[in-house]
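Below is one structure, written out as structure tokens; the observations come after it.
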Amino acid sequence: MSSDNFRPLKIGISCYPTVGGSGVIASTLGKELAERGHEVHFIAYERPFRLAANLPRTFFHQVTINDYGLFKYPDYTLPLSVKMAEVSRLHNLDILHVHYAVPHATAAILARCMLKPEQQPKVVTTLHGTDTTLLGRDPNYGPAIAHALNQSDAVTTVSRFLKKESELVLGCVGPMQVIYNFFEPGAPAHTREETRRELGVNEEVLILHSSNLRSVKRIDHLLETVARIKDKASFKLLVLAGGSFEPFAEDVKRLGLENNIIVRENVLDIEEYLQAADLGLFTSESESFCLSILEAMFFGCPSVSTNVGGIPEVVEDGVNGLLVPFGDVENLALSLEKLIVNIELRIKFGEAARRHANEKFSAEVIIPQYEALYQSLVGQDSPSCRGPKVLSLD
Ligand code: GMT
């Protein structure tokens with residue numbers, strides 16, 4: 001806001017509002033943009049879970065999905081596109097920034113086609129991961145995703161890995177810019193000691209895993225890894241679950257981990273737990289970035305993780321964390337044991353992790369990259385949907 005040539009923009013943001021990294025990034029981005037003086041309009045079927053109410057210059061527009069009983073599967077893409085067009089027209093949006101291609105990018109392109117040329121916002125699509133690595137490979141989705149990316153005014157990816165992967169999977173879909181994920185930690189309401197007490201943790205090393213527990217996170221490997229730690233009295237594993245942990249209860253029993261595992265489901269105040277953790281553990285088989293690792297780094301908590309996807313762009317192996325080939329549960333456990341017993345090394349990695357996170361992945365570093373992209377698009381022509389074929393909503 002302080003810069004002389006600052007131009008406030010009107011920005012629409014669409015994302016999945018439930019627990020998940022892409023929704024977290026989209027809502028934090030919106031909040032940060034609003035704090036910098038832009039007007040931000042969220043468009044989704046629910047208020048994004050990490051978006052507080054009554055933030056200045058921030059608005060939420062709910063998409064209503066009607067289940068008329070006519071169809072076997074209710075449709076979200078069409079009401080979403082109509083709401084996007086309506087918000088763009090009523091609020092004069094400069095930018096419509098959609099997070100996770102399916103179905104947001106397709107809906108945005110459709111919305112743009114419903115508007116007169118002078119009402120059309122620039123469409124920015126951010127790819128987050130499985131929208132390319134999984135759905136992009138599905139012949140029932142791939143062509144629609146490629147079309148929406150081609151028609152977007154700009155496409156960003158959250159890592160170099162995801163950019164390469166998207167080019168490989170979707171072919172020539174125009175230039176993509178890497179803009180890394182970021183985190184802006186809030187201040188915890190309790191002290192580290194208070195949170196550890198609440199968790200029942202004393203001298204043990206507190207290992208943290210936070211995820212939506214989907215199959216790609218390989219919770220089977222996570223549990224197998226900690227089961228291989230020889231000194232069971234040396235650690236507790238805290239699972240911050242974006243969903244129910246119940247399906248894994250049997251495995252916990254089978255592996256004799258009942259006294260080692262603490263579960264908290266759908267927590268909103270993650271900072272409380274991040275500050276209490278000593279080590280992170282992530283066993284994913286694929287990950288475009290892994291926001292959870294970054295969140296822990298901001299609290300000086302280094303991770304032991306599988307060396308997959310974009311993770312090596314976040315963690316420097318042997319500097320601020322340890323990377324192990326996917327599936328190697330024995331070496332994951334040995335790496336944990338090394339950092340459990342060697343407190344100095346753990347602290348050294350933790351400090352390096354905090355420094356690296358602040359230097360490379362803070363809001364202060366990343367938000368200006370999005371602002372610069374938006375400003376570069378405003379005033380340019382969009383790929384298509386110009387001319388007389390436009391249907392007016394007036
Ligand atoms: O693609 C997914 O699995 C879901 C997606 C999400 O919406 O949380 O996660 C992806 O986006 C996050 C935020 O950019 C990344 O931190 C995750 O690594 C990524 N997940 C995968 O690539 C599996």
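The values are calculated or read from the model by the stated rules, or taken from the named source; none is laboratory data. Since we're looking at a predicted model, the values are computed, not measured. Glycine also receives a Cβ, built like all others from the backbone with ideal geometry; neighbour counts cover every protein chain displayed. Areas reflect the complete protein model, heavy atoms only, side chains present, ligands, DNA and RNA absent. Shrake-Rupley method; radii C 1.70, N 1.55, O 1.52, S 1.80 Å.
A 1.4 Å probe run over the chain, with the rest of the protein chains in place, finds 44 Å² accessible per residue.
Sorting the segments 33-39, 135-141, 93-99 by their residues' average number of neighbouring beta-carbon atoms within 10 angstrom, most packed first, yields 93-99, 33-39, 135-141. Name the most mobile residue of Ala146, Ala105, Ala296, meaning the one with the largest mean-square fluctuation, in a Gaussian network model of the chain with Cα contacts below 10 Å. Most flexible of the set in this elastic network: Ala146. In straight-distance terms, cross-link reach from Lys232 covers every one of the lysines whose alpha-carbon lies under 30 Å from its own, apart from those fewer than eight places away in the same chain; here that gives Lys217, Lys253, Lys338, Lys348. At the listed q of 0.21, 0.22, 0.30 Å⁻¹, the Debye profile of segment 101-157, built from one uniform point per Cα, gives log10 I(q)/I(0) equal to -0.72, -0.78, -1.24.
Only Lys, Arg, Asp and Glu count, each charged at its Cβ (+1, +1, -1, -1), so figure out the dipole size of segment 192-360 about its Cα centre, rounded to 20 debye. Walk me through the numbers before you get to the answer.
Values: 19 positive and 29 negative charges, 34 e Å.
For this selection, approximately 160 debye.
Projecting the Cα positions of His356, Thr28, Asn5 onto the charge dipole of the chain (unit charges on Cβ atoms of Lys, Arg, Asp and Glu, taken about the Cα centre) puts Asn5 furthest along the positive direction.
Cα convex hull, segment 261-389: 168 Å³ per residue, rounded to a whole number. Annotation: lysines with alpha-carbon distance below 22 angstrom to Lys10 (same-chain offsets under eight excluded): Lys31, Lys83, Lys116, Lys122.
Considering the chain at the alpha-carbon level, its Rg and Dmax are found to be 22.0, 72 Å. For segment 175-268, GluC sites (Glu not before Pro) meeting the loop criterion (DSSP other than H, G, I, E, B) and having at most 13 other Cβ atoms within 10 Å: Glu203, Glu258.
Once the convex hull of all Cα atoms in segment 192-360 is built, its volume per residue stands at 101 Å³. Once you've got the GNM for the chain with C-alpha springs shorter than 10 Å, pick whichever of Ala187, Ala144, Ala352 has the biggest mean-square fluctuation. In the Gaussian network model the winner is Ala187. Heavy-atom surface analysis with a 1.4 Å probe gives the chain a carbon and sulfur content of 52 percent of its accessible area. Placing +1 on each Lys and Arg Cβ and -1 on each Asp and Glu Cβ, with no other charges, gives the chain a dipole about its Cα centre of roughly 780 debye.
Over all distinct alpha-carbon pairs, what is the Kirkwood Rh of segment 176-248 in angstrom? The partial results should precede the final answer.
Numbers: mean 1/r = 0.0670 Å⁻¹.
Kirkwood radius, segment 176-248: 14.9 Å.
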